[in-house]
1. Would you mind checking the tilt of helix 126-138 against the longest principal axis of the Cα atoms of the chain, expressed as 0 to 90 degrees and rounded to 10?
2. Using the alpha-carbon atoms, what tilt in degrees (0 to 90, nearest 10) does helix 214-224 show relative to the longest principal axis of the chain?
3. Please list 3J(HN,Hα) in residue order for the stretch 82-97, calculated via the Karplus relation 6.51 cos²θ - 1.76 cosθ + 1.60 where θ = phi - 60°; whole Hz, with x for glycine and proline.
4. By a straight-distance test (C-alpha under 26 Å), which lysines pair with residue 9 as possible cross-link partners, with residues fewer than eight away in the same chain excluded?
5. Helix-derived [θ] at 222 nm for the chain: sum -39500 (n - 2.57) over DSSP H runs of at least 4, divide by residue count, nearest 500?
6. Would the stretch 155-209 count as rounded, prolate or oblate if I go by the C-alpha gyration tensor, calling it rounded below 1.5 in a/c and otherwise prolate when a/b exceeds b/c, oblate otherwise?
7. Lysines within cross-link reach of residue 65: Cα-Cα under 28 Å, excluding same-chain residues under 8 positions apart?
8. Going by alpha carbons, how many degrees (0 to 90, nearest 10) lie between the helix axis of 30-40 and the longest principal axis of the chain?
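None of the figures in this text is laboratory data; all of them are computed from the coordinates on show. In this text the structure is predicted, and so the values were computed from the model without any measurement. Here Cβ is always computed from backbone atoms with ideal geometry, including for glycine, and neighbour counts include all displayed protein chains.
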Amino acid sequence: MTHADERTKFYGSFYEESYAAMGVFNNQDAPKQAEQILKLLNVQSESNILDWCGAWGRHAIPFVKAGHRVTLLDYSERYVRRAEREAEEQGVKLNTIVSDFRETPTEIQADYAVNLFTAGIGHISKADDRVALIALYNALKPGGAFLIDTMSLLWIWRNYSTSRWRESEDGTKRLLEKSIFDFTTNTIMSTWVYQDKAVGTEESHTFPLHVYSPAELIELFGSVGFGDFKLYSDFTGSEFTIDAKRTVLVCKKP
Ligand SMILES: C[S@@+](CC[C@H](N)C(=O)[O-])C[C@H]1O[C@@H](n2cnc3c(N)ncnc32)[C@H](O)[C@@H]1O
């Protein structure tokens, strides 16, 4: 199986259930994050927002609830269907597109786009990221803003660990992350192993992630036409420093 296939498999039940169940991220934090993002971007009322690689809509649904027209794009049909179900249950209208982000339809013409929690960019190759970013650029209106939230290369360098072990409180479930960092390419090769002792199962996935420095992101985004860059360490707009755990970059299509 290729790394790309492994990554696609990872974004099935593994990421949704095993990874999430071990507290790597928390769906409950998302509405607050969505509120902070709207404020940081100074989003005008009734805007068109694209949640680019938005999974099951943990940010997209709060954006709709805040009065915006939202399109969620993700290549995982499973997550997009869940987003549709949850939007319907919560009585809100969410537009959805199942698509690879390299084929983002130009017709979207969003005022704002967000790409949250290290989603898509860095997963395949720099050339693929550029193709995806050109598609995104074309799917934004002139003057539209784009926010990306991803890992901080500086934080990873300073806190680098080769393995990490998470265990559920009752000790029946374990998630092990083994990482090998290639300093010549700024790429992490991660292996995720999830064990459920109660059911007697073990599942593992291995794939690379290229981690961009802020300068590299700005160079890449600038090469497709984005400008007016602003760099933060979180969604409240805190200054980016060497201690920042996340890279939050905002830019505009002229
Ligand atoms: C780490 S998750 C983050 C999801 C969401 N932004 C959030 O914060 O909940 C990455 C998401 O990107 C999607 N994804 C990864 N590669 C993609 C691609 N090439 N095209 C479209 N979606 C992709 C995955 O299916 C997954 O839902």
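1. Computed tilt is about 30 degrees.
2. For 214-224 against the chain, the angle is about 50 degrees.
3. Result, ordered by residue: 5, 4, 5, 4, 5, 5, 5, 4, 8, x, 10, 9, 10, 7, 10, 9 Hz.
4. 126, 173, 178, 197
5. -7500 deg cm²/dmol
6. Note, shape of the stretch 155-209 comes out oblate.
7. Excluding near neighbours in sequence, the set is 32, 39, 93, 141, 230, 252, 253.
8. Result, in degrees: 40.
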